[in-house]
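Report on the following structure.
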Amino acid sequence: MLDALEAPPLPLQQSAARDLIDGAAHVDLWPDWAGSNGIWITITLLLGRACLRFRDVQQIVTSMLPIGMIVTPIFRPIDQVAGTARMVFVQFNPLYHCVQMVRAPLLGAVPSAGNYIVVLAMAAAGWIVAYLVFARFRARIAYWS
């Protein structure tokens, strides 16, 4: 019989250790997904509030999404864009950095430090803006729906 103060049986300890090791194997993807998800959650919070307050924002967002997808090099290699167009459509495009954070690990590469900096800075700035917006309009949100 086991007392309440005894250690759990060995198979449970082995199972916990195995799960810890399996989970640690996926740590390299956490910054990629955390930064990208932080940005998308921020965009969802801010656009959701804007769409709730101003009904026409939904149509504007629906029209702008295909344009953002065409401008961001998703379906073509980045090497095809050269010169000034590369600076505008690749380096200054925040969507490119978000896509690169997901695309690079899938292709067996590591996102650059610039990708990490841009994505984490956008996520942090977005969370601050979302917090300030919700703090300011918290009392009025119920009346907008």
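The values are calculated or read from the model by the stated rules, or taken from the named source; none is laboratory data. Remember, predicted model here, so these are calculated numbers, not experimental data. So basically every Cβ, Gly included, is an ideal-geometry build from the backbone, and we count neighbours across all protein chains shown.
The rows are residues; the columns are (1) of a type outside the set (Lys, Arg); (2) without any contact (Cβ under 8 Å) to a residue 12 or more places away in the chain; (3) part of a helix (DSSP H, G or I).
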{"position": "59", "(1), (2), (3)": "yes, yes, yes"}
{"position": "62", "(1), (2), (3)": "yes, yes, yes"}
{"position": "65", "(1), (2), (3)": "yes, yes, yes"}
{"position": "68", "(1), (2), (3)": "yes, no, yes"}
{"position": "75", "(1), (2), (3)": "yes, yes, no"}
{"position": "79", "(1), (2), (3)": "yes, yes, yes"}
{"position": "85", "(1), (2), (3)": "yes, yes, yes"}
{"position": "98", "(1), (2), (3)": "yes, no, yes"}
Pull out all pairs, ordered by first then second residue, where Cβ-Cβ is under 6 Å, the residues are six or more apart or on different chains, the first lies in segment 122-145 and is within 13 Å of residue 44 (Cβ to Cβ) and in a helix (DSSP H, G or I), and the second is modelled with pLDDT under 85 and small (Gly, Ala, Ser). 123/35; 123/38
Of the criteria (1) without any contact (Cβ under 8 Å) to a residue 24 or more places away in the chain; (2) within 20 Å of the chain's Cα centre (by Cα); (3) farther than 17 Å from residue 39 by Cα, which one residue 105 fails: (1)
Could you tell me whether any residue of segment 64-77 is farther than 17 Å from residue 98 by Cα and over 20 Å from the mean Cα position of the chain (by Cα)? no
How many residues does segment 22-79 hold that are farther than 14 Å from residue 93 by Cβ, β-branched (Val, Ile, Thr), in contact with a helix residue (DSSP H, G or I) (Cβ under 6 Å, 6 or more places away or on another chain) and at pLDDT below 85? 1
Taking segment 112-136 and keeping only residues that are over 14 Å from the mean Cα position of the chain (by Cα) and closer than 23 Å to residue 69 by Cβ, one is left with 112, 114
